[in-house]
Structure formats: C-alpha cells, structure tokens
Amino acid sequence: MLQALKITDQSHSFAKLITKLLANRLAGRLDQLVSPNQSAFIKGRFILDNFMLVQHTTKFLHQQKQACFMLKLNITKAFDTIAWPFLLEVMQRLGFSPIWRDIISGLLATSSTQVLLNGSPGERIVHRRGLRQGDPLSPMLFILVIDVLCSLIKNASEEGLLQPLSRRNLQHRISLYADDVVIFLQPSANDIRAILDILHLFGEASGLKTNVQKSTVVPIHCSEEHRDLLQTQLPCQTSDFSCRYLGVPLSPHKLTKAQAQPIIDRIAARLPGWKADLLTKSGTSVLVQYVLTSMLIYLLLALDLPAGTLQVIDKIRRGFLWKGRKDVRGGHCLIAWPKVTRPPESGGLGISDLQNLGWALWLRWMWLQKTEPGKPWAFFSYSSLTTSKSLFLLLLLLQKWGMAKTLVFGLTDGLMARVYNNPSLTCLEQWLLEKEKEKWLMHSTTEDGFLT
C-alpha cells in the first residue's frame, strides 16, 4: 500500500560546502552586478524598495493623467526552468572567471532527484536545467539571469521601441523582486507587440517563459478604447486598483477604510486561537505588542493607513489586553489607552502607539532618500506624512546641536507644534531649520513631482 511519496533533491555535503563558500564570496559583489530595480537577495536592499518604486510610479502617472498600464508578469516555474548555457553566458559577460564558471557547471551537472516511495529511493533522475534547491547560491544565480530582462527593457526604451511613459521620461519602468516582475507601458499596439516579443525572446534564451494568460494588466487612467485594445492584444487578466503587490495594497490614492478592512480582519482572526482565559495580563500584553503590533510593521512601513483603521485595530488590541476578546466596553479598561502606550519607565506597558509607530517608521524613507539618492524611488519627490517630515527635519537640526539622543519619538501633534512654534527658538535656530529643510528637499520641487 502506498504510504509515502516524497521527492528529494540529492545534494552532497561537499557540494553544499562549496555553494556556501561561493555564496559568501558573491554576496559582497552582487550589488555591483545587478541593476537597482532588483532588491531580492542583495545586502543593503529591501523588499519595500520595489513597492515604493511601483507606488510612486503609479501615483505619478495617475497625477499626470497619462494613459498607461501596469503589467504584472507570471513566470512559469522560475527556478526549475533556467537554461544552464544561458546562465554561464551571463556569468561570462559579467566577468566571472573560468574557474567560477567551471565550478558552477560541475555543481549543476551533478545535481539529481530521487523519488522516495514507501521509504525506498527510486531511480536517480539527472537534471538538465534549473537550479539546485536548498543552497544559498541558487537565488543569487537566478537574479543574475532575470536581470537580463531588465537590461532588455531598458535598451528597448533607449532605442525607441517602447514609448516614453510621460512627457518627462521616467528613469525606471520595470520593478523586479526575484521572479515578481512589474512593467509599466503605454496602451499602444506597438508597445504591446514589442514587450511580447521581448518576453518571448528572453524566455526562449533563458528558459524563463512568461505565462501571459496568468499575468495581470492594471490600467492607469485608461479610456474604454484603451481597455478594449488591452483586452484584444493581451490575453491576460485585467484588474483595477486597489490591487496587491508584494503583500501590500497598491493604489494611486490613499487607502479608504473599506480597502483597509482585510488588514483589520487579519488582525482579528488571530484572537480566536489564543486561550485568553488562561493568560495573565503580562501574557496578553506580550501577545498584543509582539504579535498583533508586529503584524502591522511591514504595512506601516509602506502605507499611511486611515485613522479610522488604526482606531479599530487599537480597539481590538485594547479588548484583547483587558478582556481577551475583540470587543470591550470602556468600563472594562483598567487604564486609559494613552497611558498603556507609554514606556515602562514612564508608567506604561510599553505597547506601541500605532500612529507614532507609523511616523517613526516613515523616517526610514526620508533618511534613505537623503543618504542613498541612487535608490530607484528616490527619483520622485517624497510625499511623506507632515509629522514625519517635521520630525525628520527636527532630528537633523538636533543632530547638529548634538542633542538628537534627547528627542523622544513618541511626540504627539500638539507637542510637535509646540516645538516648532516655541518662541524660545532664536532667529538663527529658525534659519538653520529652514536651511535643513531646503537642503533635504534639494532646493525645489518641480510641478511634475520630480526633485530637481
């Protein structure tokens, strides 16, 4: 009787050791070999760099009332279909030595698979394409291959095969996170034919073939005529905003409370699995801070969630903290919520205030835009939260004064206003603050949303 069927990749210990050594050597150079549009498996790059690029591009094109569309590609069995000759050719063009290429060839040629049937291994299946599973080198080799697609699209744009997206040419029209690819195009027959030819050529050469039927088109400011053209020329699914990209809701507008409702539902869905009646108050506070609050950090880094959504999530956190359920009345709360969110040394429980947490997390993007202007999304003017921008400018000023460590990140709107409207600020200090603001904004912002 069939009791177990398992497919295993046969990787020897020596091969794993070699791939680990090669991965450690390659990791430090990968940033120089791969275009900035790709952020997967590269030190110093972050998954939300791609989201910020796509989000800013979408908002800019929508604000310009420029008809275009976003194409989300579906690449069939990405890791398992890479052609080895293409990989070795890419490595040669990138400057890898013959020793490196020979080692990679040996590792790939010796990979095999066996099927375990009732605990007994079957015949060895020798691989002829694809990358080894489970070693740290495979993801790095994969992004070297798929980065060729980025180069092809960039060259097609420079040669005029793809029309510019706007009157002022955008620097990046493609975003890649591993095999998650997004391309922005004009809704014209020539552009559609050109991108299909590029994808077909790339798929035949590399083995990474695009499944057009499972890809998705998201129109941006397109008329009915443009939509009809897309449905005729591109046999794929059509979607509208808000859609999801890299696990985050994507829209050219600020999210509404209805669009953010799935976030609330996901938070509330965690509560039934916890036996709150068996937990102490310290146990529930740990779950609120390190589970419920941590679930929002990824989203707060990328989105400015509606105030109503944050209030509903706070209600869920407050209800579980005091009564172990989603809903709770004010009389059940032993301490006011603003006091609960204070640090323990100030008499609180140390549970993060979501609004202040969002302000603090958004400082990351302002700092990266100032210190790493080569980021793809740094090309756009950053429409950040007013409070976050004020806090960032204040930090820059306090850093010059040597007082940055004295600033408490849990500032409220009122306290921030009192800091800026404080009559004790001298004319010189106000002048320094304005200079820091001008320096951070790079002197001016043009009407079309770019930094000059």
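The values are calculated or read from the model by the stated rules, or taken from the named source; none is laboratory data. Computed from a predicted structure; not experimentally measured. Cβ atoms come from the backbone with ideal geometry, glycine included; neighbour counts cover every protein chain shown. Quick note on the areas: whole protein, heavy atoms, side chains included, nothing else; ligands and nucleic acids left out. Shrake-Rupley method; radii C 1.70, N 1.55, O 1.52, S 1.80 Å.
Quick notes on this structure:
- Selection count where residues are open to solvent by 40 Å² or more (accessible area, probe 1.4 Å), closer than 17 Å to Ala15 by Cβ and either at pLDDT 90 or above or outside any helix (DSSP H, G or I) (or both), scope the stretch 106-126: 4
- Total residues in the stretch 80-105 satisfying the condition of being in a loop (DSSP other than H, G, I, E, B) and farther than 24 Å from Gly203 by Cβ: the figure is 2.
- Screening the candidates Leu53, Leu21 for the property of being assigned to a helix (DSSP H, G or I), modelled with pLDDT of 85 or more and open to solvent by 10 Å² or more (accessible area, probe 1.4 Å) yields one hit, Leu21.
- Residue match in the stretch 71-86 (condition: crowded, with 16+ Cβ neighbours inside 10 Å, within 21 Å of Thr113 (Cα to Cα) and free of Cβ contacts under 8 Å to residues at least 60 places away in the same chain): yes
- Subset of the stretch 87-99 [open to solvent by 50 Å² or more (accessible area, probe 1.4 Å) and touching a residue at least 40 places away in the same chain (Cβ under 8 Å)]: Leu94
- Here the condition is being assigned to a helix (DSSP H, G or I) and either surrounded by 14 or more Cβ atoms within 10 Å (Cβ to Cβ) or of a type outside the set (Gly, Ala, Ser) (or both); of Gln289, Gln259, it holds for Gln289 alone.
- In the stretch 152-180, the residues that are in a loop (DSSP other than H, G, I, E, B) form Cβ pairs under 7 Å with partners that are among the acidic types (Asp, Glu) and open to solvent by less than 60 Å² (accessible area, probe 1.4 Å), at six or more places apart or across chains, as follows: Leu162/Asp191; Gln163/Asp191; Arg168/Asp448.
- Candidate set: the stretch 154-170, residues that are touching an Asp or Glu at 6+ places or on another chain (Cβ under 8 Å) and more than 12 Å from Ala194 (Cα to Cα); chosen: the one most open to solvent (accessible area, probe 1.4 Å): Arg167
- Ile267 falls short on exactly one of the conditions (1) more than 28 Å from the chain's Cα centre (by Cα); (2) more than 27 Å from Leu73 (Cβ to Cβ); (3) in contact (Cβ under 8 Å) with a residue 12 or more places away in the chain, and that condition is (1).
- Filter result for Thr57 (over 20 Å from Trp365 (Cα atoms) and either touching a Leu at 6+ places or on another chain (Cβ under 7 Å) or not hydrophobic (A, V, I, L, M, F, W, C) (or both)): no
- Flag if Gln233 is touching a strand residue (DSSP E or B) at 6+ places or on another chain (Cβ under 6 Å) and more than 24 Å from Gln38 (Cβ to Cβ): no
- Hits in the stretch 221-239 - residues which are outside any strand (DSSP E or B), in contact (Cβ under 8 Å) with a residue 12 or more places away in the chain and open to solvent by 80 Å² or more (accessible area, probe 1.4 Å): His221
- Test: residue in the stretch 328-342 that is open to solvent by less than 30 Å² (accessible area, probe 1.4 Å), under 21 Å from Pro262 (Cβ atoms) and either under 33 Å from the mean Cα position of the chain (by Cα) or of a type in the set (D, E, K, R) (or both): no
- Boolean, Leu199 is assigned to a loop (DSSP other than H, G, I, E, B), in contact (Cβ under 8 Å) with a residue 40 or more places away in the chain, closer than 30 Å to Arg129 by Cα and not polar (S, T, N, Q): no
- Leu334 fulfils the conditions (1) free of Cβ contacts under 8 Å to residues at least 40 places away in the same chain; (2) assigned to a helix (DSSP H, G or I) except for a single criterion, (2).
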